[in-house]
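Worksheet: the structure to be examined is printed underneath.
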Amino acid sequence: MSIKLNALLKSPWVFHLSTGSCNNCDIEILDCLTPRFDIERFGMLLAGSIRHADVLLVTGSCNRQSVERLKKLYEQVPKPCLVVAIGECALSRGMFIHSYNCPEPLDKIIPVDVYIPGCPPKPEAIIAGVVKLIGKIKNKK
Amino acid sequence: MAKTIVPIGPYHPLQEEPEFFTLTVDGEKIIDIDVRVGYNHRGIEKLSESKTFDQSTFVIERICGICSTSHPFAYTRAVEDIIPMEVPERAKFIRTIIAEGERIHSHLLWLGLAGHFLGYNTVYMWAWKLREEILDAMEILSGNRQNYAMFKPGGVRRDIKAEDIPVVLKKIDSIIPTAVMLKKAVIDDPVLHARTKGVGILTKENAINYSALGPTARASGVARDLRKNCPYGAYDRMEWDMIVTENGDVFDKVVVRVLELFESIKIIKWCLNNLPKGEIDAKIKDIPPGEGIGHIEAPRGETFHYVRSDGTNRPARHKVRAPTFMNLPTYKATILGQTLSDATIILAAIDPCYCCTERVAVRNIKGKKLLHGEDLVRMSQQKTELLRKKMGVK
């Protein structure tokens, strides 16, 4: 494992990106920050800018407007970066699979490391997903 | 005159409709605003036409995560309007309970984020902590924290079990002391007064002219609440007050929402205590050709649905109008002439997309200066800090 990746895992800063979701996943991500779940315990912080982020939390079903912007944003993240797809829409477009405005699933656009299913996934599930991701990379050493 | 253009957006993950704001700024003063919507387009109306009347409720629910009750509620009322039919009494009560639960968590969510933008992170944390209790209660009632999936044309999908009622009542009672504390902390705070009173005023005349809806209109003295004006569900059964204030500034919008929390708690408690027995579903067989409208009071204002049926099992046309669509143009009346550091809270005051402000880049036309979204929130928080010192409040 590279030094960079090792350093990243100590305290992953997450950036939250909505590509046309219904807000539920986004609210649940914010919920993780509030007193009951408090992800800062694990060293996770919500980064204000994508250039500070180590982990991308992507929600929503990637509509035509957001695909271009998503690609641009992914270019701006310092690498290595980990991508977590949150919610059914980001995984497989869920209910919007037949929509004319949601052409591609997320993992066809950018590489995805972890998939967290649910509509919306509970905050516990989101935290567990990110913790699992960190564990998986550490074991690869 | 050196004009500066401030683009805000388009991606703000918190609310239903991502918008793109262009603020034209002269120094600190905002002199023009332009709003562009349509970034979160998922083709829901068209998708709804490809699904059966029953399946559509699930798509409609995902228009917005926070309004995941309001939209199905309006849609089912529109479908019932086509037939036309009455929903069983018990279903009406269950619908009311779920809708009010949603109102509480939506208002708390807004209050928390408004606090955050003003530099009151304590309010943010308290409000969201309180919100968890409501989500727990909703999970007991419906099985999910959000996206309750309780609605179907003709009634509700899931009954409320008798043994759940005391648990939920206890949960709701337990939040009242914290809510009262929060109300005092928000309404009696001198710094908050200085920061929000007289800021972003929407006059009564403008509220009527712009057809403002929901708390935005009620804060300006327009007594417009569908739950009272055109009762549906079980709202006409119990005593509750419509909260109307006169000034129309940001502070009044806060007050309206905070006081509505208590009305909603009152309504839920009354409904749970007086839940009638009986059927929960009228079991609609088929939907005749025709058209129907359904409108209900969502946390942000009136949600309007129009459904046309051609006699098949799918809607032939489905039109949705969300409340923010009507409230957005009021920016023209509220934000012009205000300072940039007040922009975040004025934009947030109608309960639209807050996260927009986290993606702002302030750009001088000549491209000399570049500020970011955090800078705008920081400016807002610094102003509060300054006021706090000036007034000698800790």
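The values are calculated or read from the model by the stated rules, or taken from the named source; none is laboratory data. These numbers come from a predicted model, not from an experiment. Counting neighbours? That spans all protein chains shown, and the Cβs are built from the backbone with ideal geometry, glycine included. Ligands, DNA and RNA are stripped out before the accessible areas are found, and what is left, the full protein with its side chains, is counted by its heavy atoms. Shrake-Rupley method; radii C 1.70, N 1.55, O 1.52, S 1.80 Å.
I'd like to know if region A:4-18 contains one or more residues that are assigned to a loop (DSSP other than H, G, I, E, B), more than 26 Å from residue B:134 (Cβ to Cβ) and open to solvent by 10 Å² or more (accessible area, probe 1.4 Å). Yes: one or more hits. When B:78, B:99 are checked against the criterion of being within 20 Å of the chain's Cα centre (by Cα) and either away from chain A (no Cβ under 14 Å) or not in a helix (DSSP H, G or I) (or both), a single residue qualifies: B:99. Suppose the filter is modelled with pLDDT of 85 or more, open to solvent by 70 Å² or more (accessible area, probe 1.4 Å) and part of a helix (DSSP H, G or I); does residue B:170 pass it? Yes: the conditions hold for residue B:170.
Against the condition outside any helix (DSSP H, G or I), in the same structural domain as residue B:110 (by TED's automatic domain parsing) and of a type in the set (D, E, K, R), how does residue B:195 come out, does it pass?
When the stated conditions are applied, residue B:195 does not pass them.
For the criterion of being more than 9 Å from chain B (Cβ to nearest Cβ) and within 17 Å of residue A:14 (Cβ to Cβ), residue A:67 fails. Set side by side, the residues B:157, B:103, B:131, B:95 differ, and just one is open to solvent by 30 Å² or more (accessible area, probe 1.4 Å) and outside the structural domain of residue B:341 (by TED's automatic domain parsing), which is B:157.
Within region B:220-238, if we keep just the residues that are within 17 Å of residue B:99 (Cβ to Cβ) and basic (Lys, Arg), the residue that is surrounded by the fewest Cβ atoms within 10 Å (Cβ to Cβ) turns out to be B:228. Based on this model, can you work out whether residue B:204 counts as touching a Phe, Trp or Tyr at 6+ places or on another chain (Cβ under 6 Å), within 22 Å of residue B:328 (Cα to Cα) and open to solvent by 10 Å² or more (accessible area, probe 1.4 Å)? So residue B:204 does not fit the description; no. Considering region A:95-126, and only residues there that are out of contact with any strand residue (DSSP E or B) (no Cβ under 7 Å at 6 or more places or on another chain) and surrounded by 20 or more Cβ atoms within 10 Å (Cβ to Cβ), the residue that is farthest from residue A:10 (Cα to Cα) turns out to be A:99. Residues satisfying the criterion are present in region A:30-51 (criterion: at the interface with another protein chain (Cβ under 8 Å from one of its Cβ atoms), more than 18 Å from residue B:131 (Cβ to Cβ), touching a strand residue (DSSP E or B) at 6+ places or on another chain (Cβ under 9 Å) and not acidic (Asp, Glu)).
Residue-by-condition table, conditions (1) buried (at least 21 other Cβ atoms within 10 Å of the Cβ); (2) free of Cβ contacts under 8 Å to residues at least 40 places away in the same chain; (3) under 21 Å from residue B:69 (Cα atoms):
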| residue | (1), (2), (3) |
| --- | --- |
| B:109 | yes, no, yes |
| B:114 | yes, no, no |
| B:126 | yes, no, no |
| B:144 | no, yes, yes |
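Taken together, B:217, B:282, B:212 contain a single residue that is touching a residue at least 24 places away in the same chain (Cβ under 8 Å), farther than 20 Å from residue B:141 by Cβ, open to solvent by 10 Å² or more (accessible area, probe 1.4 Å) and among the small types (Gly, Ala, Ser), which is B:282.
For region B:29-38, the set of residues classified as modelled with pLDDT under 70 and in contact with a strand residue (DSSP E or B) (Cβ under 7 Å, 6 or more places away or on another chain) consists of B:36, B:37, listed by residue number.
Condition first: assigned to a loop (DSSP other than H, G, I, E, B) and either among the charged types (D, E, K, R) or within 16 Å of the chain's Cα centre (by Cα) (or both). Now tell me which residues in region A:24-39 satisfy that.
Listed by number, the residues that qualify are A:32, A:33, A:36, A:38.
Checked against (1) open to solvent by less than 30 Å² (accessible area, probe 1.4 Å); (2) modelled with pLDDT of 85 or more, residue B:58 meets all criteria but (1). Closer than 30 Å to residue B:343 by Cα and surrounded by fewer than 18 Cβ atoms within 10 Å (Cβ to Cβ) - does that describe any residue in region B:251-258? No, because not a single residue in region B:251-258 is closer than 30 Å to residue B:343 by Cα and surrounded by fewer than 18 Cβ atoms within 10 Å (Cβ to Cβ). With respect to (1) more than 10 Å from chain B (Cβ to nearest Cβ); (2) assigned to a loop (DSSP other than H, G, I, E, B), the lone exception for residue A:21 is condition (1). Residue A:8 meets each of the listed conditions (1) out of contact with any helix residue (DSSP H, G or I) (no Cβ under 6 Å at 6 or more places or on another chain); (2) facing chain B (nearest Cβ under 10 Å) apart from (2).
Taken as a whole, the condition of being touching a residue at least 12 places away in the same chain (Cβ under 8 Å), in the same structural domain as residue B:132 (by TED's automatic domain parsing) and open to solvent by 10 Å² or more (accessible area, probe 1.4 Å) applies to residue B:241.
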